[in-house]
Every structure is written in C-alpha cells, then in structure tokens.
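The values are calculated or read from the model by the stated rules, or taken from the named source; none is laboratory data. Just so we're clear, the structure is a prediction, and the values are computed from it rather than from any experiment. Note that we place each Cβ from the backbone using ideal geometry, even for glycine, and neighbour counts take in every protein chain shown. We work out accessible area using only protein heavy atoms, side chains counted, and drop any ligands, DNA or RNA first. Shrake-Rupley method; radii C 1.70, N 1.55, O 1.52, S 1.80 Å.
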Amino acid sequence: MAIFKKKKPELSLEGIVLPKHIGIIMDGNGRWAKKRGLPRKAGHREGAQVFRKITRYCSEIGIKYLTVYAFSTENWKRPEDEVGALMGLFKSYLEEALSDFKDDDIVVRFIGDKSGFSPELQALMTENEESSKNRDGMVLNIAMNYGSRDEIVRAVKSISAKVKSGELDESDIDEKLVSDNLYTAGQPDPDLIIRPSGEYRISNFMLWQAAYTEFVIMNKLWPDFQKSDLDEALLIYAQRSRRYGGI
Ligand code: FPP
C-alpha cells in the first residue's frame with residue numbers, strides 16, 4: 001500500500017499587506033550544530049547560506065528594507081575560535097557572496113561600530129557599501145558589532161556635542177532628531193521583527209526603532225529556516241491589528 005505524506009498546504013502571499021521593513025535575529029546556529037554533533041562554526045556556516053537565501057527572497061517579494069543581526073557588541077565574549085570562524089565567514093561573504101546581490105539590485109549597508117573589525121574587513125565593508133549605494137532595490141542592513149544601547153549612546157553624544165557647539169538648541173531635540181542620529185537614519189522603523197529558535201528576547205536589537213514593531217517568534221533554528229517560514233511570519237503579521245497606542 002502506498003503511503004502518501006500529507007503535504008503542508010502552500011501559503012499564498014497574494015493580496016496581503018507586506019511589511020516595509022523586516023528585522024531578523026538570526027538565532028539558533030549553535031544549537032543546530034550541537035544537535036548534529038558538529039562544531040558551532042558549522043552552524044554559522046549553514047546560517048550564512050540561509051541568510052543569503054532569505055535576503056534574496058525578501059527582495060524578490062518586494063520588501064523594501066531588511067535588517068539582519070549578524071554580530072552583536074556582546075558576541076566578542078564568545079570563545080576565540082568561534083569569533084575567529086565568524087570573522088572568516090564575514091570576510092568570505094564580503095568578498096564573494098555579497099556581490100551576488102548585484103543581480104537583485106540590493107543596497108548593502110552595515111550598521112554597528114565598524115572600527116571593532118580588522119582593517120581588511122572594514123575596507124571590504126566600505127567597498128560593499130560604495131559599490132551598491134546607487135542601486136535602487138531593497139536596502140539590506142547587516143548589523144555587525146551592533147548594540148542598540150551603544151547606538152543610542154552614540155546618538156546622545158552626537159546631539160549633545162551639537163548643543164554644546166551651538167549648532168543645535170536644546171528645544172530642537174525631539175524623537176525625529178534622535179532617529180536621525182541612529183545608524184538607521186532616514187529609514188522607516190521595522191514593522192516586523194522575526195526571531196527564530198523560540199527565544200522571547202530582543203537582545204539589544206533596534207530598541208528605539210522597535211517601539212511599535214510586531215514580533216513573530218518562530219520555533220525553528222535559523223539554519224533550518226526556509227522561505228515558507230518567512231511566508232508564515234508574513235501571514236501572521238498581516239493578521240495583526242496595529243494600533244500604535246490608539247484604539
Ligand atoms: C546567533 O546564533 C547567531 C550569531 C551570533 C551569528 C549569526 C551569523 C550568521 C548567520 C552568519 C551571517 C553571515 C553574514 C555574512 C551576515 P547562536 O550562535 O547564538 O545560536 P545558539 O543560540 O543556538 O547558541
């Protein structure tokens with residue numbers, strides 16, 4: 001007797017309201033590797049492939065901004081060999097994979113403190129930003145050595161220096177001015193943040209920008225994340241009623 005596996009019904013995004021800006025906390029690489037008896041860096045390698053696939057998919061379906069959390073200001077605390085493996089991955093991606101995004105017209109930007117990286121990596125980051133800045137497709141923000149509290153502290157320092165020099169008056173300080181001093185200046189706040197791996201934490205990611213963001217937590221480790229998981233998150237988002245504090 002033939003046994004037919006019940007196929008998951010195809011999800012359709014037709015006619016749904018898509019978020020303009022999606023944030024993704026790419027979590028679960030370590031657990032994915034551990035489950036398979038592999039070193040953590042194998043999970044990061046797989047996660048990097050998924051990053052590439054999901055980024056292209058977001059661009060294909062018409063997302064305007066995508067921000068991925070690749071390395072936090074706290075991730076330096078990890079064992080030296082894991083940090084080294086991540087730096088190696090970033091380097092090879094900046095050298096090869098990101099040029100793939102050319103076909104998709106993707107603008108590549110880095111948010112975070114670049115000065116923490118080696119001069120070689122910093123140069124590659126700048127090169128990627130420069131070579132993609134005139135494209136008119138989706139903006140991809142890669143958060144590297146990024147911490148939202150650090151981002152806010154930098155904004156406060158920059159604004160206070162301008163007040164001190166007389167360039168700004170204290171009465172000029174408002175929410176827009178703060179937003180304009182963040183790494184994401186000029187971009188809309190994220191409408192949706194997806195966190196795979198089942199953790200209910202924001203982990204110092206876009207704290208200011210996420211004031212009214214919808215969160216979708218998914219029980220999948222990032223290396224297992226598929227296009228259909230993104231579709232599922234988008235359908236959940238489309239059903240949310242966003243009230244921004246109103247009724
Ligand atoms: C969190 O999972 C993931 C990271 C700290 C690294 C994310 C990096 C990538 C997916 C590579 C992306 C590459 C480019 C070029 C942007 P975890 O290690 O904390 O997993 P765990 O919670 O299971 O331990």
(request) Considering every residue within segment 117-133, establish whether at least one is touching a residue at least 24 places away in the same chain (Cβ under 8 Å), over 21 Å from Val50 (Cα atoms) and among the basic types (Lys, Arg). (result) yes
(request) Could you please find all residues in segment 70-111 being under 23 Å from Leu182 (Cβ atoms) and open to solvent by 20 Å² or more (accessible area, probe 1.4 Å)? (result) Ala70, Thr73, Glu74, Asn75, Trp76, Phe90, Arg109
(message) Against the conditions (1) in contact with a Leu (Cβ under 7 Å, 6 or more places away or on another chain); (2) more than 8 Å from the ligand (Cβ to nearest atom); (3) open to solvent by less than 10 Å² (accessible area, probe 1.4 Å), where does Gly28 fall short? Just the number, please.
(response) (2)
(request) Give the number of residues within segment 204-247 that are surrounded by fewer than 14 Cβ atoms within 10 Å (Cβ to Cβ) and within 16 Å of the ligand (Cβ to nearest atom). (result) 2
(message) Given (1) assigned to a helix (DSSP H, G or I); (2) within 29 Å of Glu14 (Cβ to Cβ), identify the lone condition not met by Leu140.
(response) (1)
(request) Filter segment 145-182 down to the residues that are assigned to a loop (DSSP other than H, G, I, E, B) and open to solvent by less than 50 Å² (accessible area, probe 1.4 Å), then identify the one that is farthest from Ile236 (Cα to Cα). (result) Leu168
(request) Among the residues of segment 44-59, write down those that are touching a helix residue (DSSP H, G or I) at 6+ places or on another chain (Cβ under 9 Å), over 17 Å from Lys91 (Cα atoms) and not β-branched (Val, Ile, Thr). (result) Lys53, Arg56, Tyr57, Cys58
(message) Looking at segment 31-40 only, could you name the residues that are more than 7 Å from the ligand (Cβ to nearest atom) and either within 13 Å of the chain's Cα centre (by Cα) or buried (at least 20 other Cβ atoms within 10 Å of the Cβ) (or both)?
(response) Ala33
(message) Between a residue in segment 67-84 that is more than 17 Å from Ser115 (Cα to Cα) and any residue that is of a type in the set (Asp, Glu), which pairs come within a Cβ distance under 9 Å, given they are 6 or more apart or on different chains?
(response) Tyr69/Asp27
(message) Condition first: of a type outside the set (D, E, K, R) and more than 10 Å from the ligand (Cβ to nearest atom). Now tell me which residues in segment 86-99 satisfy that.
(response) Met87, Gly88, Ser99
